[in-house]
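The structure appears right after this line, and notes come after that.
Just so you know, all these numbers are worked out from the coordinates, no wet-lab data involved. Since the model is a prediction, treat every value here as computed from it, not as a measurement. Cβ atoms come from the backbone with ideal geometry, glycine included; neighbour counts cover every protein chain shown.
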Amino acid sequence: MTGLDMAPLRALIFDVDGTLAETERDGHRVAFNRAFADLGLHWHWDVATYGRLLAVTGGKERMTAYWREREASAPDDELIRRIHRRKTEIYGDIVAAGGIPLRPGVARLLAEARRCGLRLAIATTTSPENVDALLRVALGADATQLFDVVAAGDVVPAKKPAPDIYDWALAQLRLAPARCVAFEDSAPGLAAARGADLATVITEGEYTRGADFTGALAVLDSLGEPDAPAAGRVRGQPWRGVVDLDALARWREGP
């Protein structure tokens, strides 16, 4: 047993898109396409195209990369910022309509963590406005107050897979990585969390299923509910059950 494994757990740090909720295909992608139309840009990201573009983290960065693929001119940074602002508004409307519920087990684990005195944090490339919109609809008007730290958007210049967003969140929490567990859904997210020395639980999403998650503490299909347990692998071994604080403690201690 290592010192890292024995450090008491003090905080859970969550990615947002794909981790807290399946936001990408029917949320962000749809909002991008509507924003493109609103601002006269003749792009359309179908499901497959958007899935490919998710290799680029950050909405503005994703549009810039696609611009370089498709257009002969240099990217128009001001237009990209305008599209992103409009996209954020549209995404907020989609979320407000109740179209993007939290993934199984998320609300349950958040409530248990708070009840047991653990701190909660967000570490995401999505904008603070998107985080706020999702949490308010899913968890109530005071949802963001559940989280001690919200590291989102452009708070650091280097996006995932760089570890900067996690390093920033840890600095705000004033906790060592060994006292925290990160929750992610993608390979870039895992690389970011592991780059910050965080043990990481992966809940695979519709766009990330089957990716290389070498180095993850666990790779699961969800966090699970009592009547719908999660399934996957923990430390490389088959596992089925509900992800709660007791399970996290056992996993961190090792075999």
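For the range 24-96, compute the orientation-averaged projected area of the C-alpha convex hull (one quarter of its surface), in nm². It would help to have the intermediate numbers written out before the result.
On the way: hull surface 17.6 nm².
The directionally averaged projection comes out at 4.4 nm².
Which lysines does Lys87 reach when only Cα atoms under 17 Å apart count, and residues fewer than 8 places away in its own chain are ignored?
Lys60
Over the Cα atoms, compute the radius of gyration (one decimal) and Dmax (the largest Cα-Cα distance, rounded to a whole number) for the range 167-216, in Å.
11.2, 34
I'd like the Karplus ³J(HN,Hα) series for the range 37-46: coefficients 6.51, -1.76, 1.60, θ = phi - 60°, whole numbers in Hz, and an x wherever there's a Gly or Pro.
5, 4, 9, x, 9, 8, 10, 8, 9, 6
GNM, the chain, Cα, under 10 Å: largest mean-square fluctuation among Phe32, Phe14, Phe183?
Of the options given, Phe32 has the highest mean-square fluctuation.
Full extension from Arg250 to Glu69: what is 0.36 nm times the residue separation minus their Cα-Cα distance, to one decimal in nm?
Working: separation 181, 0.36 × 181 = 65.16 nm, distance 4.64 nm.
Full extension from Arg250 to Glu69 adds 60.5 nm.
Starting from the Cα-Cα distance between Asp26 and Thr49, subtract it from 0.36 nm times their residue separation and give me the gain in nm to one decimal.
Working: separation 23, 0.36 × 23 = 8.28 nm, distance 1.34 nm.
Full extension from Asp26 to Thr49 adds 6.9 nm.
In the range 10-33, whose amide N lies under 17 Å from the spot 7 Å out along Cα-to-Cβ of Ala97? List them in ranges.
Within reach of a label on Ala97: 22-33.
Roughly what % of DSSP beta bridges within the chain run antiparallel, to the nearest 5? Working shown, then result.
Details: 10 of 29 bridges.
For the chain, the DSSP antiparallel bridge percentage is about 35.
With a 10 Å cut-off between alpha carbons and a GNM built on the chain, which of Pro101, Pro177, Pro75 moves the most?
Fluctuation is largest for Pro75.
If the chain between Asp38 and Asp76 were fully stretched, how many nm would it gain, using 0.36 nm times the residue separation less the Cα-Cα distance? Could you put the intermediate results ahead of the total?
Working: separation 38, 0.36 × 38 = 13.68 nm, distance 1.63 nm.
The span from Asp38 to Asp76 would gain 12.1 nm if fully extended.
Average projected area of the Cα convex hull of the chain, in nm²?
On the way: hull surface 53.2 nm².
For the chain, the mean projected area of the Cα convex hull comes to 13.3 nm².
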